[in-house]
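Each reported figure results from applying straightforward, stated rules to the coordinates on display, with no laboratory input. Because the structure is predicted, anything quoted here is derived from the model rather than measured. No Cβ is skipped: glycine too gets one built from the backbone with ideal geometry, and neighbour counts run over all protein chains shown.
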Amino acid sequence: MHNQTQPMTASPRMPPIVNSNVAVIHELPPLPYEFTALEPIISEKTLKIHYGKHHQGYVDQLNKLVSGSDFAAMSLEQIIFATANKSEYEHIFDNAAQVWNHTFFWHSLKPQGGGDATDVLQPMIEASFGDMKSMQREMLTAATAQFGSGWVWLAMDRNQLKIVKTGNAGNVLTKGLVPLLVIDVWEHAYYLDFQNRRADYVTGVLDKLINWDFATENLQRV
């Protein structure tokens, strides 16, 4: 059985574990755009390395780690929930979450993105942050405050939007939140293009690439 991550169906609740003897082979999902589509914010070279080396590497390592284990027949989300906060399964969690996080990240971006949020999402942004500029400032602050590697999420917490940062492979699903968007702030996401200027990279993503349609689709599934 082959499994490709489908982040738009994400749920903050633990998916049911189905007893099965059929091993799941996790695969690298296709990018939703060409390698040049996110330039100049994310260069073709960066995207090819990030997707083809890093994301693929997490997929390959996950398949090795779960082979022959109790996790072999689980979906990606099931593995994430089953291994979260369990030190004995930390390596499995890290790779599973990184596969999921990266797939979600690719869909959080689109060519000619940024700009205003959708009519569905804008009232929630105003209710939670005051206005779009305030939300962007909070997301930028979280991104630059994240020490080392990690992710910055726009997430739904009950009836309110929140900005949440997670370190390393952290995923807001395990916190009971519904992810709407995410920005990768691992150095490999931006270093070839921006060196140590993480703030410039995040600003560029928010202004030019962020995918409000994807965020709205995730919100409407809540």
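Some values worked out for this structure:
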{"item": "Sorted by Cβ density within 10 Å, fewest first, the residues Val222, Val172", "result": "Val222, Val172"}
{"item": "Net dipole in debye of segment 122-220 [+1 Lys, Arg Cβ; -1 Asp, Glu Cβ; about Cα centre; nearest 20]", "result": "280"}
{"item": "Nearby lysines by direct alpha-carbon distance to Lys48 (threshold 19 angstrom, same-chain neighbours under 8 apart not counted)", "result": "Lys110"}
{"item": "The chain: relative contact order in percent, alpha carbon pairs under 8 Å with at least 6 residues between", "result": "26"}
{"item": "Point-charge dipole on Cβ atoms (K/R +1, D/E -1) for segment 81-174, about Cα centre, debye to 20", "result": "60"}
{"item": "Cβ crowding within 10 Å averaged over residues, with 121-128, 107-114 ranked highest first", "result": "107-114, 121-128"}
{"item": "Cα gyration tensor shape for segment 148-211, rounded if a/c is under 1.5, else prolate or oblate", "result": "oblate"}
{"item": "Residue order, fewest to most surrounding Cβ atoms within 10 angstrom, among Asp213, Asp70", "result": "Asp70, Asp213"}
{"item": "Among Ala72, Ala145, Ala155: highest mean-square fluctuation, GNM of the chain, C-alpha pairs under 10 Å", "result": "Ala145"}
{"item": "Under 15 Å, Cβ to Cβ, from Asn85 - net charge with Lys/Arg +1 and Asp/Glu -1", "result": "-1"}
{"item": "Estimated [θ] at 222 nm from DSSP helical runs (n ≥ 4, -39500 (n - 2.57)) normalised by residues in the chain, nearest 500", "result": "-11000 deg cm²/dmol"}
{"item": "When each of Lys53/Lys133; Lys86/Lys165; Lys53/Lys86; Lys64/Lys208 is checked by Cα-Cα distance, pairs over 32 Å", "result": "Lys53/Lys133; Lys64/Lys208"}
{"item": "Rounded if a/c under 1.5, otherwise prolate or oblate - segment 92-175, Cα gyration tensor axes", "result": "prolate"}
{"item": "Nitroxide proxy distance, nm - points 7 Å out along Cα→Cβ at Gln220 and Lys48", "result": "3.6"}
{"item": "Cβ-defined net charge surrounding Asn211, 14 Å radius [Lys, Arg +1; Asp, Glu -1]", "result": "-3"}
{"item": "Gyration tensor (alpha-carbon) shape descriptor, segment 81-222, a/c threshold 1.5", "result": "oblate"}
{"item": "Residue order, fewest to most beta carbons within 10 Å, for Tyr201, Tyr89", "result": "Tyr89, Tyr201"}
